[in-house]
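Peer 1: Below you'll find the structure I mean.
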Amino acid sequence: MDFRKIFAAMALFGLASTTYAELSVDDYTEAAWITTRFYGAQRSGEGPNWILDGTNFTTSFTTDSYQGKDVSGGWFDCGDHAMFGQPQSWASYILAVSYAEFTEGFYDLYTGDYTDYKASGDYTRAGGKPNKIRDLLEELRYEADFWVKAAPDANTFITVKGNGDQDHKYWVTAGKMSTLSTEEGGSPREITANKEDGYTPGMVAAMMAVMARVDPSADNRAKYLETAKNAYAYASSHSGVSSAGSYYDGSWWGGRWQDGPFLAALELYRTTNDETYKTAAQSWFSKIQFESGSYTRLGYANAVPLSVVMGNGVFGWNPTSGNQKTVKDFLDNLYANQTNSEGAFTKETGGGGSFSVRTPSGGALLYALYSKFAGIDTYDSKILTNVGYLLGDNSNKKSYVVGYTRNGANAPTAHHHRGYYGNEDTDKDPDSGFNIPEKNKLLGGTIAGDFTSGSHNTTVSSWNVNEVCVDLNAPLVGALGYILSKKKPVTDDELGVKIEPEAVKPVATAAPATISMEQHGMQVVVSGLSSVPMLVELFDLQGHRVSMVKGLSQVSVQLPSKGVFLVKVSGKGIQKGYKVKAL
């Protein structure tokens, strides 16, 4: 018996307004897979970009450079090919912090260079092969490696690649467009750098600080941390948000730019345990525009709700202005207190141009982060309802994710995304009709949406409803990670992930006296000064991290079994390594 149809029918007659059969773990897994792999279709540069497989031009804009240095790579921000750092940096951090907090909800279902799909000719989930690296991490690495190029020092920051007006002239793939002239959106294209902007580099610094903490590769962690510091230094010496023609106007932020450097300082503190970053974070937090941010949903132009959640979750701080003085009040004012008859968050939603999907997905992600930090499950039903709503678990069976048709959901059919259609003919316009490559039908991005109609808009050029963007998609990916981390978590050991411990560095003469280690049978006790936060990590001899404990003064770690293990102790100005044996 299909209870979904029964509940949907009841809803139409007003008999049941908020109850639907819950999606299965496999439904959520499919959604997480398809929305994560979407970022592989946004890759600029050498790629590989899976959506360009089978076209005549499988790479794009490989010659992007600034002052003679390579700045190719990164993600296209939407369905076009100009790259705007304002929303892209926000999406980068949303995905990175989601990965860090809900790691075990992000699976390894494919190989990050997409050779598995290419070899099998099967671009469905079944055609992927795991490679012991979580898929979202591989997508994040591609973006992070671009930011390494974009923030090479404290005085340089790349904000935009390309010209929006030139970029929008032809409806062709990124590969084809990069072969055209500059005036037609091709190479070489203009690079915008060193703008008066504290928000965008701040969000990049926050993303890179997270990557410097979670990437299994020691080399990656080192280069990402250096970039995080560069981007933060740039953000700290600039202000506001830069505009990018008519495409991103700095005034849209309404003065809410301090969240960028605040989140950067917060994440740098979490990664380094350097108290100077905590002090800086507190200073930035006091400058955040809580009042105006409390009336506008989460989005790239309003990161205030995210700052509220992160500031409280990491430091225990609450908003310092406005009527909503707690995280719960702040979030409920934006989301839980404003729902439709089906339980979906509806503030600032509606027809074309309101980018409706931001509200359910953003609310679901914020409640997920809040729940993780607070150790509660009070909002889990709301998270499931809003994620389900976007996946077609609603009275109209309307899915807002390209290619997601589980349980009879109706997916978008005319999304505004050049790569999806695989067209390389400059004489065609977006509404002329295309033979869409079968593999591209599983694009996976989340469209802007329209909650006032039960059916999808079928005009490709209607970007205000059908646009597919990295920032629209990111909160949904994060919320799906939270759901799967609770319903079916997968550990690093289960995936076979190998985490490389950093080399033990020499420490100052006085440092050894601050840390000591004792073993009592199967228990290892690490002691230090009460003012020094310590991170104690336990690795097996294959480099797999077995456990991780953080604390002050004294930290106990239980050895999981007999054998030889490596203990790594990190703290401010301190790093020591020990080898222990359990007989």
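The values are calculated or read from the model by the stated rules, or taken from the named source; none is laboratory data. Because the structure is predicted, anything quoted here is derived from the model rather than measured. Glycine gets a Cβ as well: all are built from the backbone with ideal geometry, and neighbour counts include every protein chain shown. Calculation scope for accessible area: heavy atoms of the full protein, side chains included, ligands and nucleic acids excluded. Shrake-Rupley method; radii C 1.70, N 1.55, O 1.52, S 1.80 Å.
Peer 1: Could you tell me the convex hull volume per residue, in Å³, taken over the Cα atoms of region 360-502? Intermediate results must be reported in sequence, preceding the final value.
Peer 2: Values: hull volume 24.5 nm³, N = 143.
Measuring per residue, one finds 171 Å³ for the Cα hull of region 360-502.
Peer 1: Run through the DSSP bridge list for the chain and note the antiparallel percent, rounded to the nearest 5. Intermediate values should be presented prior to the final figure.
Peer 2: Working: 48 of 50 bridges.
Antiparallel bridges: around 95 percent, rounded to the nearest 5.
Peer 1: With 27 Å as the limit, write out which pairs from K397/K488; K439/K487; K347/K398; K278/K372; K488/K550; K372/K398 have Cα-Cα distances beyond it, or answer none. List each step's numbers first, then the result.
Peer 2: Numbers: K397/K488 25 Å; K439/K487 29 Å; K347/K398 19 Å; K278/K372 21 Å; K488/K550 25 Å; K372/K398 29 Å.
With Cα atoms farther than 27 Å apart: K439/K487; K372/K398.
Peer 1: Continuing with this model, one more query. Taking Cα pairs under 8 Å and at least six residues apart, what relative contact order does the chain come out at, in percent?
Peer 2: 15
Peer 1: Same structure again: With each label point set 7 Å from Cα along the Cα-Cβ vector, what nm distance links S239 and Q523?
Peer 2: 5.5
Peer 1: Still on this structure: What does the highest-first list of 228-235, 378-385 look like by mean Cβ count within 10 Å? Don't jump to the answer; show the numbers that get you there.
Peer 2: Values: 228-235: 25.6, 378-385: 18.5.
Packing proxy ranking, top to bottom: 228-235, 378-385.
Peer 1: Assigning unit charges at the beta carbon (Lys, Arg +1; Asp, Glu -1) and nothing else, what dipole magnitude in debye, to the nearest 20, does the chain show about its Cα centre?
Peer 2: My answer is approximately 1560 debye.
Peer 1: If you don't mind, there's one more thing I want to ask. Once region 396-449 is represented by equal point scatterers at the alpha-carbon sites, with solvent omitted, what log10 I(q)/I(0) does the Debye formula produce at q = 0.23, 0.29 Å⁻¹?
Peer 2: Results for region 396-449 at q = 0.23, 0.29 Å⁻¹ read -0.90, -1.20.
Peer 1: Over the chain, with every protein chain in place, what whole percent of the accessible area is carbon and sulfur at 1.4 Å, could you tell me? Present the calculation step by step, with values, prior to reporting the outcome.
Peer 2: Details: 10660 of 21550 Å².
Exposed carbon and sulfur together represent 49 percent of the surface.
Peer 1: Taking the simple approach of a point 7 Å from Cα along Cα-to-Cβ for both D70 and T458, what is their distance in nm?
Peer 2: 4.6
Peer 1: Further question on the same structure: Restricting everything to alpha-carbon atoms, can you work out Rg to Rh for region 249-291 with a Kirkwood hydrodynamic radius?
Peer 2: Numbers: Rg = 11.6 Å, Rh = 10.8 Å.
Over the Cα atoms of region 249-291, Rg/Rh equals 1.07.
Peer 1: Just to confirm, what accessible area per residue do you get for region 48-155 at 1.4 Å probe, in whole Å²?
Peer 2: Using a 1.4 Å probe on heavy atoms only, each residue of region 48-155 averages 32 Å².
Peer 1: What does the extension gain come out to for D249 and K498, with contour length at 0.36 nm per residue minus their alpha carbon separation?
Peer 2: 85.3 nm is the gain from fully extending D249 to K498.
Peer 1: Ok, one more. Using 7 Å Cα-to-Cβ label points, what is the T179/S553 separation (nm, one decimal)?
Peer 2: Inter-label distance under the simple model: 6.9 nm.
Peer 1: Report, in whole Å, the centroid distance computed from the Cα atoms of region 240-311 and region 224-239.
Peer 2: So the two Cα centres are separated by 14 Å.
Peer 1: Relative to the longest principal axis of the C-alpha atoms of the chain, give the angle of the C-alpha long axis of helix 3-12, reported between 0 and 90° and rounded to the nearest 10°.
Peer 2: Result, in degrees: 60.
Peer 1: Among the lysines, which fall within straight-line cross-link reach of K195, defined as a Cα-Cα distance under 22 Å, with same-chain neighbours fewer than 8 residues apart omitted?
Peer 2: K69, K149, K161, K229, K287
Peer 1: What accessible area per residue, rounded to a whole number of Å², is obtained for region 180-242 using a probe radius of 1.4 Å?
Peer 2: 31
Peer 1: Another question about this same structure. Within straight cross-link reach of K325, meaning Cα distance under 20 Å, which aspartates and glutamates are found once same-chain residues fewer than 8 apart are removed?
Peer 2: D259, E291
Peer 1: Okay, moving on. Would you mind checking the tilt of helix 259-272 against the longest principal axis of the Cα atoms of the chain, expressed as 0 to 90 degrees and rounded to 10?
Peer 2: Between the helix axis and the principal axis of the chain, the angle is about 40 degrees.
Peer 1: Ranked highest first by the average count of other Cβ atoms within 10 Å around their residues, in what order do 396-408, 484-496 fall? Please report the intermediate quantities before stating the final value.
Peer 2: Details: 396-408: 21.0, 484-496: 15.0.
Packing proxy ranking, top to bottom: 396-408, 484-496.
Peer 1: Can you tell me, using C-alpha contacts under 8 Å and at least 6 residues apart, the relative contact order of region 330-439 as a whole percent?
Peer 2: 15
Peer 1: Any chance you could give the angle, 0 to 90 degrees and rounded to 10, that helix 470-487 forms with the longest Cα principal axis of the chain?
Peer 2: 60
Peer 1: A further question on this structure: Could you work out [θ]222 nm for the chain from helices alone, using -39500 (n - 2.57) per DSSP H run of at least four and dividing by all its residues? Round to the nearest 500 deg cm²/dmol.
Peer 2: -11000 deg cm²/dmol
Peer 1: I would also like to ask the following. Could you check how many percent of all C-alpha pairs in region 319-419 are farther apart than 20 Å?
Peer 2: 44
Peer 1: Further question on the same structure: Would you tally the net charge around Q86, using a Cβ to Cβ cut-off of less than 14 Å, leaving Q86 out, and scoring K and R as +1, D and E as -1?
Peer 2: Here the count lands on -3.
Peer 1: With mean projected area of the Cα convex hull in nm² defined as stated, name the option among (i) 27.1; (ii) 25.4; (iii) 34.6 computed from the structure displayed.
Peer 2: Matching the structure shown: (i).
Peer 1: Mind running the shape call on region 225-360? Use the C-alpha gyration tensor, a ≥ b ≥ c as the square roots of the eigenvalues: rounded below 1.5 for a/c, prolate if a/b tops b/c, oblate otherwise.
Peer 2: Cα axes put region 225-360 in the oblate bin.
Peer 1: Could I ask something else about it? Accessible area per residue of region 413-512 at 1.4 Å probe, in Å²? Walk me through the numbers before you get to the answer.
Peer 2: Details: 4280 Å² over 100 residues.
The answer is 43 Å² per residue.
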